[in-house]
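The values are calculated or read from the model by the stated rules, or taken from the named source; none is laboratory data. Just so we're clear, the structure is a prediction, and the values are computed from it rather than from any experiment. Because the Cβ atoms are built from the backbone with ideal geometry, glycine has one as well, and the counts that use them run over all protein chains shown.
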């Protein structure tokens, strides 16, 4: 409690907070006053009785935590019927709650001679009476924040009214247990929900609105007591099931309530209906019963509830409370919470600010899948930014994924997976590496989908398409695809076919339109569905490689990167133009030599995208980041084949094709 002083003004003694004495005297323009004695704690005045300043009634002094020393005198009038803080402290001291204001904002008979006046108009009358009674020390106009109606912007009057409540305290522990059974995404949702349930009061489930789901309660016309029994609930339930809840407004109370019902308090049997409706959160919070349990194709509990962070106070919580109260368990197995969509600067979108993004315009420019890809690429656990620049950048990523599929489809022209697929032992090592990379993608995508981490799926798909496929595998295999026939080409096609089938299934939940477009062009085998969304996700493990194989290819790729650096230098020095104009000599220690020599030289040249590769044991060339490797590049000898662009000494050996190498000539003749 604060300290209070006795202030003598003339022959009167006034009690006010010690810290506010000067500000009160200044506001009332009182210069001659005296503080008498020592300050005392406000607790000393608790439960003292006082006379009303001008009406013939008494009251008691009570202590409230809502009283502050920011303004006023430290002594406030407490109206238990017109404010939450006032109501709570009045309840604490068993002070009767009176509400002298009716539904129309006018004072009732409880206000005595002021009855019938509107609240705001009565202020002037009451102030005049206070002045006439000589109990006004001073008047001050203050500016402060006051709640207003969001719709009409008029000031609000708080009134304590009779409402229906759901007592949460009686099953709060059961709610805690139910919260522990739910998977929360993100994890902090668990503690947030527990905290809200712990700190909440009883749930007020009634609202005063013109229309809504009615509260099925009846009131005795004689004594006003409410009347709810198993029989009345059953009658109302059967009526609503037959005609809908609007039947409550269609029929009189006597037409709804079962015959023979009598008031438990006075024995009368004439009734009125409750005019309140259910809180809309009670409506939405009951959907698990109305939807999941009523529809045979669905099941309870739901696999997931998904909404924004504000629903911890709303739908998430109301659903949890109704389900635990009725069934003793949570209505959902998991809850996913996402952030809000904001503009590119992180500001909330408003029509007045003109910073909104119209989805139809984005779809018109980039297609519908770009919206889905934007969602998948974002961290939805926080606010997600959206704007034209963001969608423009994302369209580039989408194009790279799409172009990867287009390239593969283009090279599958004429490929029949039913007859043209080669056995695994006929695949080149780089084909097996590509399938191993696909297996890693399958693992990462499943891990992301399993926990609804779509951002992880997006990045795995993007990196696979751009880094593993476009920048490496598809680039390296072009020579086999364009310049050869037979097993080598079919091995590459077999690999790419398996890759695209699996990749398309992986992207289907995100890029639903693009994936179906790809699926329509894919050559099919028996048992494949018409629609990709009906396909099962690819299973990990069928293309997995052991650690030794992965380590080997990681080092081969590192060697390739070092060769590319030397080729860039040769290109800068005008020694070569395209990389196929180069012949590369690799100087190796024993370990690197054995590694590179395990790959056929023509495949190694394709891996480096050069015309010739020579391995030499020993030191030489430019030092590299790969231990035991030196690299030297020179212009390739021989002539350039017009078909494969490789340099070779056998150009023109086929008389009918003087500008082609022997390999390309045989392909053309085939």
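For residues in the stretch 286-313 being out of contact with any strand residue (DSSP E or B) (no Cβ under 8 Å at 6 or more places or on another chain) and under 17 Å from residue 199 (Cα atoms), which is surrounded by the fewest Cβ atoms within 10 Å (Cβ to Cβ)?
By that ranking, first place goes to 310.
Restricting attention to the stretch 19-56, the residues being free of Cβ contacts under 8 Å to residues at least 24 places away in the same chain and either surrounded by 15 or more Cβ atoms within 10 Å (Cβ to Cβ) or not assigned by TED's automatic domain parsing to the domain that holds residue 128 (or both) number 2. Being in a loop (DSSP other than H, G, I, E, B) and either modelled with pLDDT under 95 or under 41 Å from the mean Cα position of the chain (by Cα) (or both): is that true of residue 550 here? Taking the combined requirement at face value, the residue does not satisfy it. For the stretch 9-18, the set of residues classified as surrounded by 15 or more Cβ atoms within 10 Å (Cβ to Cβ) and not in a helix (DSSP H, G or I) consists of 14, 15, 16, 17, listed by residue number. When 399, 432, 372 are checked against the criterion of being part of a helix (DSSP H, G or I) and more than 30 Å from the chain's Cα centre (by Cα), a single residue qualifies: 432.
Name the single residue, out of those in the stretch 186-233 being in contact (Cβ under 8 Å) with a residue 24 or more places away in the chain and assigned to a helix (DSSP H, G or I), that is farthest from residue 273 (Cα to Cα). Taking the candidates together, the pick is 189. Every test in (1) out of contact with any helix residue (DSSP H, G or I) (no Cβ under 6 Å at 6 or more places or on another chain); (2) not in a loop (DSSP other than H, G, I, E, B) is passed by residue 142 save one, and that test is (2).
Can you report the number of residues in the stretch 132-151 which are free of Cβ contacts under 8 Å to residues at least 40 places away in the same chain and loosely packed, with under 10 Cβ neighbours inside 10 Å?
Adding up the residues that qualify gives 10.
Quick grid of which residues meet (1) touching a residue at least 60 places away in the same chain (Cβ under 8 Å); (2) closer than 20 Å to residue 339 by Cβ:
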position: 357; (1), (2): no, yes
position: 371; (1), (2): no, yes
position: 397; (1), (2): yes, no
position: 414; (1), (2): no, no
position: 422; (1), (2): yes, no
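Counting only helices (runs of 4 or more DSSP H) that sit wholly inside the stretch 441-508, those with at least 3 residues that are surrounded by fewer than 19 Cβ atoms within 10 Å (Cβ to Cβ) and at pLDDT below 95 are 478-483. The single condition from (1) under 28 Å from residue 22 (Cβ atoms); (2) assigned to a loop (DSSP other than H, G, I, E, B) that residue 130 fails is (2).
The conditions are (1) under 57 Å from the mean Cα position of the chain (by Cα); (2) surrounded by fewer than 20 Cβ atoms within 10 Å (Cβ to Cβ); (3) not in a loop (DSSP other than H, G, I, E, B), and residue 575 fails exactly one of them. Which is it? Answer for residue 575: the failing condition is (3).
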